[in-house]
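Step one of this worksheet: look at the structure below.
The values are calculated or read from the model by the stated rules, or taken from the named source; none is laboratory data. Small disclaimer: the values here were computed from a predicted structure and weren't measured. Positions of Cβ are backbone-derived with ideal geometry, glycine not excepted, and every protein chain shown enters the neighbour counts. The accessibility values were calculated without ligands, DNA or RNA, using every heavy atom of the protein model including side chains. Shrake-Rupley method; radii C 1.70, N 1.55, O 1.52, S 1.80 Å.
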Amino acid sequence: MSVPERIADAITGHTRIVLVVLLLLTAFVGAGVPSVDDDSSLSQFESESDEAKALERIDENFTSEQRENTTSVQLIVRGDNVLEKESLVSSLELQQEIRADESINSTLVENQSITGVENIVAISAIRSERAAERNETGVQGQQRQADGNNTTDAGDGATRAQPSLDEQIAALEDLSDEEYERLLERTLSGESAADNIAIAFMPTSYEPGSTQADTRMTSITQSTASDGAGGMGGGAISDEIIDSQLEIRELAETQDQEYLVFGGGVITDEINRSMGDSLAIVGPLAMLFVVVALVLAYRDLLDILLGVVGIVAVLVWTFGFMGWADIAFNQMFVAVPVLLIGLSIDYAIHVFMRHREQREADGTGGTVRGSMTIALGGVGAALVWVTATTVIGFLSNLVSPIGPIREFGVVSSVGIVAALIVFGALIPAAKIEIDEFLESRGYDRRKRAFGTGGGRFSDVLTVGSTAARRIPLAVLVIVVLLTAGGAYGATQVDTSFQQEDFLAESPPAWTENLPGGMAPGEYHAKDDLEFVNQHFQREDSQAQLLVEGDVDDDEFLTKINETRTDAAGDDGIAYTLATGEANIQDPLSTMERAARQNESFNESFTAADTDDDGVPDENVSALYDQLYEVNGEAASQVLHRTDGGEYQSARMIVAVKGNATASETTSEMRTLAGDLEEGSDDRWSAIATGDPIVSHIVEQDLLDTVLESLVITLVAVFLFLTAAYWLTGASASLGAITLLPVAFSVSWILGTMYLIGMPFNVLTGMITSLTVGLGVAYSIHISERYRLELERQRNVWSALRTTVTGTGGALLGSAATTVGGFGTLAFAILPALRQFGIITGLTITYAFLASVVVLPTLLVVWTRYFGPDVSFDTSGARSETATASDGGTVSEQGDSE
């Protein structure tokens, strides 16, 4: 007796013990399910790249205008003219409501947490009034220009307290219409964007000095220091920040003016809700389709219920493991239930159908327990091989530098092993107990296996065997051409990794008619993001150059000036303010600004410029020292000085256009870094970094991971299958033949992604793992059944026909159920999930077709040149298959697979 047969005998001989032990294990592992947390942050996909480390050094050594441990909300008002005095007053009153809400106010930073055009104009009015009062009382001193009020946010070192909101509202209301318009024109003149931050709150289409605008922005800064949350491009957003940003939006919706609230918390909320709403819609639809498909395949309510219970048990084991292992559920793990339900259906159908075949072969003299023992002994080896090869495929993700991908591989592997245990032991034991109980009371539990009784399904399934006999060369040529085309398309697939991929669009109209529990909510973040990208500077969209070395060298500022000029080019990625100036911050721009604000520093700045080109070229270190004295806060944003006074690094901050891709940003910033290093003679080095660039690194890491894991998987599975077939007495070459259709289907699916314009993102990137996992399962079932039928029947064509109608029928039921069930993901609200559903359906279809249409031809070629000495006589095949089709010879099929 073989090992699989001994294991099968142990399971079927001790069914009650098996049930008790596995049910207790299910309860124990399932206790971890409530501990599973979710994490939709994209920062978790970052790896330890040089660019990511450079960004960490920037965070450690430089201060920031956005300030450390903060996140920002962009509160944008829209209307016919949002610069009217009444509009600004209304915005200040909204700020009062925000301040009065303790749950929001507790998250705000201490100083200047809310800043917008309304604050800047109001404060300017107050200071103008105070200056006039000082002049009236004879106080001497030159008043700064009206736009000098911006120093409270510009970091000029001023320590004046910001007037209260009540004072700001009163100041605006006290102005006459003429006074208000003059003040507004002065404040938004935009003569120098460096001195006037008010212009930064206006859209790019705004004409500086105009008193007309259809939109403007207010920035709200929240502290995340207590929970470690990050911004839109940072780490996970805490529940407190999410709730506070949603409350800001609720307050904004009660106003007379139209507001758009855009922030990391709002985005995180919509991503999380869209995942939940998608599953609420898709879940019942998928389950309904799966049940209907299983009804057609099983035609038995009890077997359907057992299959569904088994699927639930597998998911409980998997998510319970995640809870015990403290692995958070992220976007990638949506693929895990898809994979496990697909494999579970595959395992269940093969076990149930082999049991039915064996019961039919045994006739009235057979028993439920005896037939299951033979069926498990035959199909068990194939299930173990499928499990082993699929686990190998998913564990290959351990080579990835991206943490969630490694976790995805581990969790998937655990789930696959759980599927083997559940459908190899728990469900067979339950079926034996239930069927014996029912038959003891007079119910006949014998059913015909799907696809074995002749008819239309059998004719469809024999397409592969017929093609292998009549047109094998044509099949091979077509396959080679399709695979070559797919391979080319695979090299052209878009690998962009955009946050927009995970933002839901407005739900279609038909969802309004869904029952309350399934009806999705409203989604605005994607449209809001598009509006912000089109009109404003994204708070989280900055690229940077980190320069380390002799940054106080006399030639350094000249190179910085050249780099800044290149970055501000018309075709560049730099965001352009309403003034037409690129929003770029560096040591030179900071000194230029200080020179305009401080006469003493201006003299030193001018003296250090020996060639009158506007760029200091001597005494740079001393100039840095004076900059720290004049405005230490601004200096520390672009220069890093040690406690000993040595200047070690500098940075250039480039505000990036909202519609610039991570790839474009990375390419241009790396070019700028190279130009900055050129001619430095190793005096300094430069590296491009920032959130967009780190995101691009993630894209490349994802692509590299997929390619590496694919190669590792194919090689490892090849070695496993060749060894397994050799050890079981078959030719090792059969392992290579079994794997070929899998390689074909991988090429086809990647080529299809290119043809339909589907990006290779964090979800669809897992499609190669699914293709290999399910493809290997289908191929093994066909190859193993064919090998054993060939030994029994000794005729290629009859063995092939029996294989494609018997095992092929089970595969058809499995594939159709899985494709239809998860094709319902096309109705998901989350775009990435919708894409994943479509591509998963195509993947399973390709894997099935490769197994039942292409693999038969390959098996015939293998038999002719490497296989055993058997008959290729077609007349013998007809008589054999006729007998097999009516069930006359299936008694000997029990030891197959």
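Here each label is just a point 7 Å from Cα along the line to Cβ, and for THR874 and ARG130 those points are 10.0 nm apart.
Start at zero, step by 10 Å, and the Cα-Cα distances of the range 253-409 spread as 8, 26, 29, 19, 10, 5, 2, 1, 0 percent across the bins. For the range 515-564, the convex hull spanned by the alpha carbon atoms encloses 121 Å³ per residue. What separates the Cα centres of the range 510-579 and the range 268-306 is a distance of 40 Å. Amide H contacts of GLN257: none lie under 5 Å away among residues 5 or more positions distant or on a separate chain (H built 1.01 Å from N in the peptide plane; Pro and chain starts excluded). Within the full protein context, the accessible area of LYS85 is estimated at about 30 Å² for a probe radius of 1.4 Å.
Near VAL656, the amide H atoms lying under 5 Å from its own belong to GLN542, ALA543, TYR575; only residues 5 or more places off or on other chains count, and H is placed 1.01 Å from N. Normalised by 2.2 N^0.38 Å, where N counts its residues, the alpha-carbon radius of gyration of the chain equals 1.18. The charge dipole of the range 618-708, taken about its Cα centre with unit charges on the Cβ atoms of Lys, Arg (+1), Asp and Glu (-1) only, comes to about 260 debye.
Taken along the Cα-to-beta-carbon direction at a fixed 7 Å, the label points for ASP80 and GLU678 span 5.4 nm.
Taking the C-alpha atoms only, the angle from helix 403-421 to the longest principal axis of the chain is near 20 degrees. A simple packing score, the average count of other Cβ atoms within 10 Å per residue, orders the peptides 502-512, 426-436, 380-390 as 380-390, 426-436, 502-512, with the highest score first.
The alpha carbons of the range 637-719 stretch over 61, 33, 27 Å along the principal axes, in descending order.
In terms of Cα atoms, the Rg and Dmax of the range 571-679 work out to 15.6, 44 Å.
Converting the Cα gyration tensor eigenvalues of the range 253-296 into ellipsoid dimensions via √(5λ) gives semi-axes, longest first, of 39, 12, 5 Å. Counting only Cβ charges, +1 for Lys and Arg and -1 for Asp and Glu, the dipole size of the chain around its Cα centre is about 8240 debye.
The coefficient of translational diffusion for the range 619-766, derived via Stokes-Einstein from the alpha carbon Kirkwood radius under 25 °C and 0.890 mPa s, stands at 119 µm²/s. Short-range pairs are left out: with C-alpha atoms under 8 Å and at least six residues apart, the relative contact order of the chain is 20 percent.
What's the carbon and sulfur percent of the chain's accessible surface, probe 1.4 angstrom, rounded to a whole number? So the carbon and sulfur contribution to the accessible surface is 53 percent. With the simple model of a label 7 Å out from the Cα in the direction of the Cβ, GLU633 to ARG369 spans 8.3 nm. Sorting 177-185, 805-813, 303-311 by average packing, meaning the other beta carbons within 10 Å per residue, from highest down gives 805-813, 303-311, 177-185. The Cα center of the range 600-653 and the Cα center of the range 693-744 differ in position by 57 Å.
Take the convex hull of the alpha carbons in the range 591-634; its mean projected area over all directions comes to 2.7 nm². Calculated FRET efficiency, ALA487 to SER667, Cβ-Cβ distance, R0 = 30 Å: about 0.70 to the nearest 0.05.
Axis angle, to the nearest 10 degrees, between helix 15-30 and the longest C-alpha principal axis of the chain: 0 degrees. Full extension of the segment from SER621 to ASP326, taken as 0.36 nm per residue of separation minus the current Cα-Cα distance, would add 101.1 nm. Our helix-only sum for the chain, with -39,500 (n - 2.57) per DSSP H run of n ≥ 4 divided by its residues, gives a mean residue ellipticity at 222 nm of -20000 deg cm²/dmol. Full extension of the chain between SER600 and ARG406 yields a length gain of 64.1 nm, computed as 0.36 nm times the residue separation minus the alpha carbon distance.
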